[in-house]
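Here's the structure, in structure tokens; my notes come after.
The values are calculated or read from the model by the stated rules, or taken from the named source; none is laboratory data. On a predicted model such as this, the values are computed, not experimentally measured, just so you know. Here the Cβ is made from the backbone with ideal geometry for all residues, glycine too, and neighbour counts use every protein chain on show. Accessible surface is based on the protein model in full, side chains and every heavy atom, while ligands, DNA and RNA are left aside. Shrake-Rupley method; radii C 1.70, N 1.55, O 1.52, S 1.80 Å.
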Amino acid sequence: MTRARSNPGLDKPSTIHRDPEAARGAGHAAAPPLSVSRIHLSTSDPDEMSPALARLCPGVALRPLKGAAFKCELGVATVGPVSFVTTDWVLGGRLDAATLRDRYALGLAGEGSRDTEVEVRSQRLSMAHGKRAILFVPERPVKIQMPAGGKGRSLTVLRSALEAHFAMLTGHAPREAILFEPDLDLTGGGGATLQGIVRSLREELERPALSPFVRPRFCDVLLTALVTIPRHADSHLLELAPPRVAPAVVRRAEEYIAIHAGEAITLADVVAAAGAPARSLQAAFRAARGVTPMGFLKIRRLELARHMLLAALPATTVADVAGAMGFRSAGRFSVEYRKHFRESPSETLSRRRPAERRRGAVR
């Protein structure tokens, strides 16, 4: 045994009422950068594995398969409200939960895994690699039988975070757990898109020098995908035309972005500062500025990057500036920069460096 650690539907949704003055401008601080914590546990003792699983999904009980020994390897990477979970059931196992309590979960089968039998709300379903996934909802019973050699590649999301994200998008706060249809087809359409987003964020977390800007943005994208792609009882709220908002809402969003563009802010931060649901703010922003709020944020960050390049020290590189402004790669940054300023960032940087050398010579 080895062990190592490191650091339902919406029932008459209620409208969110925000105080614009309380969230305005610099008064709404950006969330702190998201760090990643990791856990790894390999054990032949189900009593040791059970507490780790219960922390991921409170309410879950673990049992070995009848007449079989037990061995399982667990890996967890947590960023903000999202945990990516890897379980290799060497000798199989059974998970039962009367309720998942404070988590939503997306169950996926790993490559090479046998199909996994799942019972959700009296429906018998299966998880199959690249074909079928299962959505688990708080306050609903779950039974999962993992075969010997089964590989789980799943994620869990804090209930409070996912429901707050839904409210942020629509302006309606769910009074009960969001009742997703449990069976998700991964072979095409939205299911394939969601699986790709999950894979991309997992891969980003493995990058050793990941910009603090990237993790919140990917988490934002993931939460949006989770509440907009799978069908649920109130998907229609996402399909309604968003209510119109006053021009002052756009101005508040612009002011907030201008002040905080150099920080790891997300759409949720901008929405809180503006005091309007995300879909309404996005529609108003497109009408007034021709871009979304996050598109406006990207422009503002490009402008900040230009100031950094023009005031750069001799040792500064384009990659340094790209990373500081949250771009995933210097190449992507250069493409966006040239599109906006009609010159490459290296050309901007080269115009600054001779001036620095001349000043150094005068001294």
(request) Working only within region 312-349, note down all residues that are modelled with pLDDT under 90, open to solvent by 60 Å² or more (accessible area, probe 1.4 Å) and small (Gly, Ala, Ser). (result) ALA315
(message) Just to be sure before I move on: is ASP220 touching a Phe, Trp or Tyr at 6+ places or on another chain (Cβ under 8 Å), among the acidic types (Asp, Glu) and either surrounded by 21 or more Cβ atoms within 10 Å (Cβ to Cβ) or within 19 Å of ARG328 (Cα to Cα) (or both) in the structure I sent?
(response) no
(request) Search region 43-71 for residues that are under 12 Å from GLY93 (Cβ atoms) and pair each with any residue that is surrounded by 17 or more Cβ atoms within 10 Å (Cβ to Cβ) and of a type in the set (Phe, Trp, Tyr) when their beta-carbon atoms are under 7 Å apart and the residues are at least 6 apart or on different chains. (result) SER44/PHE70; PRO46/PHE70; PRO64/PHE70
(message) Tell me whether region 64-83 contains one or more residues that are closer than 11 Å to ILE144 by Cβ and crowded, with 18+ Cβ neighbours inside 10 Å.
(response) no
(request) Please go through region 47-93 and pick out each residue that is among the aliphatic types (A, V, I, L, M) and out of contact with any strand residue (DSSP E or B) (no Cβ under 9 Å at 6 or more places or on another chain). (result) ALA69
(request) Output the residues belonging to region 162-196 that are among the aromatic types (Phe, Trp, Tyr) and more than 28 Å from VAL245 (Cβ to Cβ). (result) PHE180
(request) Output the number of residues of region 282-295 satisfying the condition of being of a type outside the set (Val, Ile, Thr) and either more than 27 Å from GLU163 (Cβ to Cβ) or under 20 Å from the mean Cα position of the chain (by Cα) (or both). (result) 8
(request) Select the strands (runs of 3 or more DSSP E) contained entirely in region 33-112, then report the ones holding at least 2 residues which are under 30 Å from GLU263 (Cβ atoms). (result) 36-43, 72-79, 82-89, 103-107
(request) Answer yes if at least one residue in region 176-196 is within 14 Å of the chain's Cα centre (by Cα) and either of a type outside the set (S, T, N, Q) or over 28 Å from ALA283 (Cα atoms) (or both), and no otherwise. (result) yes
(request) Would you tally the residues in region 236-245 being assigned to a loop (DSSP other than H, G, I, E, B) and surrounded by 11 or more Cβ atoms within 10 Å (Cβ to Cβ)? (result) 4
